[in-house]
Amino acid sequence: MTFLVVRVRSDINVRHDIKKTMHSLNLTKVNHAVLVPNRPEILGMLAKAKDYITWGEPSKETIESLIRERGKMVGDVSITDNLIKDSTDYKSIEAFADALFNGGAEVKSVPNMKRVFRLHPPRGSKGWGGIKRSFVTGGALGNRGEAINSLVERML
């Protein structure tokens, strides 16, 4: 299984260890997203930076649309089925997204693919819903579970 992590808040006046954790997750700017594997060390990093990020378990369709619409190779070349087919063992973006969803692959499986997906701020009247409160209390921070799909849909 894979987590989709989105940075919500800036790192101004943030403790150094939390800032370093977010940089280790490749979350250097607000509205950047990464796909990370479900491993104990990653869960610890998510727990440490929980007041600045949101995450959840994306669906296979969300992963596929994220790669199709926002995935880039080095040189800002958009990712296509042919690029995936030529540089990996996967036949299409759909097959690669399925492998990511099941935990059989990581984003770094595709050579020269940028690990960060640059997203728009959330569209709609709700926006983030408050960047200083947890998701449980109606804000934007912390673990969202399946609700990450609707957030990313509004950000694509």
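From the phi of every residue in region 117-124, what ³J(HN,Hα) in whole Hz does the Karplus formula 6.51 cos²θ - 1.76 cosθ + 1.60 yield, where θ is phi - 60° and glycine or proline is x?
9, 8, 10, 6, x, x, 7, x
Along the positive direction of the dipole of region 18-84 (beta-carbon charges: Lys, Arg +1; Asp, Glu -1; about the Cα centre), which of Met22, Leu66, Thr54 reaches farthest?
Met22
List the pairs from Lys20/Lys126; Lys85/Lys108; Lys29/Lys72 whose alpha-carbon separation is above 23 Å, in the order I gave them.
Exceeds cut-off: Lys20/Lys126.
Across 5 Å bins from 0, what is the distribution of all Cα-Cα pair distances for the chain, in whole percents?
Pair shares across the bins are 2, 10, 19, 23, 20, 14, 8, 3, 1, 0.
As a footprinting exposure proxy, order Met73, Met1 by other Cβ within 10 Å, with the fewest listed first.
Neighbour counts put them in this order, fewest first: Met1, Met73.
Short version: ³J(HN,Hα) in whole Hz for each residue of region 20-30, in order, from phi by Karplus 6.51 cos²θ - 1.76 cosθ + 1.60 (θ = phi - 60°), x for Gly and Pro, what are they?
Running phi through 6.51 cos²θ - 1.76 cosθ + 1.60 with θ = phi - 60° gives 5, 5, 5, 5, 5, 7, 6, 9, 8, 9, 5 Hz.
Give me a comma-separated list of calculated 3J(HN,Hα) values for region 46-63, in order, Karplus coefficients 6.51, -1.76, 1.60 applied at θ = phi - 60°, integers in Hz, x for any Gly or Pro.
For region 46-63, the Karplus curve yields 5, 5, 5, 9, 4, 7, 10, 9, 10, 8, x, 9, x, 7, 4, 5, 5, 4 Hz.
Any read-out appearing in this document is the output of simple, stated calculations on the displayed coordinates, not a laboratory observation. Small disclaimer: the values here were computed from a predicted structure and weren't measured. Here the Cβ is made from the backbone with ideal geometry for all residues, glycine too, and neighbour counts use every protein chain on show.
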